[in-house]
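Inspection log for the structure reproduced underneath, given as structure tokens.
Please treat every number below as a calculation from the coordinates, not as lab data. Predicted, not measured: the structure shown is a model, and the values here were computed from it. Don't worry about glycine lacking a Cβ; one is built from the backbone with ideal geometry, like all the others, and counts go over all protein chains shown.
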Amino acid sequence: MLDGGSIPPSENRTVINNYMIKHNHHIIPRHMGGPDDPSNLVELTVEEHGEAHRVLFEQHGNWQDYLAWQGLAGMIPRQELIRKIQSEAAKATLEKNGNPFSGIRTSHNFAINEEFRKLMSERSATPEAIEKRKETYVSIQHQQGSKNSQYGTIWVSHLEHGAKKIKNEDLQEYLSLGYIKGRKNSLKTEV
């Protein structure tokens, strides 16, 4: 049964090794709000299933039924069917949300809303926000002590060799070679 009518039995049935392939078809399709319970399911052959979706497409014009009909009837190759399903689903998401980034509200999307990006940038630069970040980093020990990638290193500079980062334990050796502590770009003189 389909919308009060019936699907004519198919004379061309898919049979593999004397086994007729059957599909469960939603009488009211899931894309139209139909449930998965047994009262909404009917067992059909592949051909009958394709015909059911053709009838639904002609009655309601939904792209899901069109693609199901075309795919089950073998009228669209599998890869093309997948591409069309993805394309139609993306169009439906765009129509519903008005946003190409599914699930991201446009008003809060930095990539789209320049005004919101500027506002968040300004808020994150306030002294209160900076202090809160510092407190959070200390409480979770973010980049603290040995967890800091720079832990145990120091910059030294030399007039001829420029600046380099060394381990703290090598500092005395570098100082004896004429390096000074710190990253001093002004040590190089112009000729």
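Full-extension gain between D170 and R123, please, as 0.36 nm times their residue separation minus the C-alpha to C-alpha distance.
Numbers: separation 47, 0.36 × 47 = 16.92 nm, distance 4.20 nm.
The D170-R123 span can extend by a further 12.7 nm.
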Sites Q79 and H142 - FRET efficiency at Förster radius 35 Å, r taken between beta-carbons, to 0.05: 0.15
Whole-Hz ³J(HN,Hα) from phi, Karplus 6.51 cos²θ - 1.76 cosθ + 1.60, for the stretch 141-147, glycine and proline x: 6, 6, 6, 9, x, 5, 7
Among 21-27, 115-121, the order from most to least packed when residues are scored by Cβ within 10 Å on average: 21-27, 115-121
Phi to ³J(HN,Hα) by Karplus 6.51 cos²θ - 1.76 cosθ + 1.60 over the stretch 172-178, Hz, x for Gly, Pro: 4, 4, 5, 4, 5, 8, x
Cα shape, the stretch 15-97, gyration tensor, a/c 1.5 rule: oblate
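Using a Förster radius of 35 Å, what is the FRET efficiency between A92 and Q150 based on their Cβ-Cβ separation? Nearest 0.05, please.
Values: r = 49 Å, r/R0 = 1.41.
After rounding to 0.05, the efficiency reads 0.10.
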